[in-house]
Amino acid sequence: VQLQASGGGLVQPGGSLRLSCAASGRIFSIKDMGWYRQAPGKQRELVATITNSDVTNYKDSVKGRFTISKDNAKNTVYLQMNSLKPEDTAVYYCNFNFVILGKFWGQGTLVTVSS
């Protein structure tokens, strides 16, 4: 199984970005998917998760600004990020949690929020 994340980049404060992460290979049942981030000098932290039944969970500081969604047919998870702030700057990692295979991580995509 491989996870390919994309969509990061440089954006001004208040701007938007959409991250995507697609899984390929021998895909079996997915339990849940998520996005995590790691800022320089800080630990990796959970940003948002979505279960196979579409139950979502968000870090408090991104509630109302970020939206996680998925496309089961494409084995893809998305993170729509609006009203971005400088403190959102980090490397964003996607995570797929498979029922049998366990957890897999994407390679990370850099999001920089700066004027």
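The values are calculated or read from the model by the stated rules, or taken from the named source; none is laboratory data. In this text the structure is predicted, and so the values were computed from the model without any measurement. Glycine also receives a Cβ, built like all others from the backbone with ideal geometry; neighbour counts cover every protein chain displayed. Accessible surface is based on the protein model in full, side chains and every heavy atom, while ligands, DNA and RNA are left aside. Shrake-Rupley method; radii C 1.70, N 1.55, O 1.52, S 1.80 Å.
Here are some notes:
- Screening SER83, SER24 for residues that are modelled with pLDDT under 95, more than 15 Å from the chain's Cα centre (by Cα) and polar (S, T, N, Q) leaves exactly one candidate, SER24.
- Residue that is most open to solvent (accessible area, probe 1.4 Å), among those in the stretch 1-26 that are part of a loop (DSSP other than H, G, I, E, B) and within 24 Å of SER115 (Cα to Cα): GLN12
- Every pair of residues 6+ apart whose Cβ atoms lie under 7 Å, when the first sits in the stretch 27-39 and is surrounded by 14 or more Cβ atoms within 10 Å (Cβ to Cβ) while the second is in a loop (DSSP other than H, G, I, E, B) and at pLDDT below 95: ILE30/ASN52; LYS31/ASN52; LYS31/VAL99; ASP32/ASN52
- Screening the candidates VAL111, VAL55, VAL47 for the property of being at pLDDT 95 or above, of a type in the set (A, V, I, L, M) and loosely packed, with under 14 Cβ neighbours inside 10 Å yields one hit, VAL55.
- A count restricted to the stretch 69-95 and to residues that are open to solvent by 30 Å² or more (accessible area, probe 1.4 Å), of a type in the set (A, V, I, L, M, F, W, C) and in contact with a Lys or Arg (Cβ under 7 Å, 6 or more places away or on another chain) stands at 1.
The rows are residues; the columns are (1) out of contact with any strand residue (DSSP E or B) (no Cβ under 9 Å at 6 or more places or on another chain); (2) in a strand (DSSP E or B).
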position	(1), (2)
THR49	no, yes
ASN57	no, yes
ALA73	yes, no
GLU87	no, no
LYS103	no, yes
VAL111	no, yes
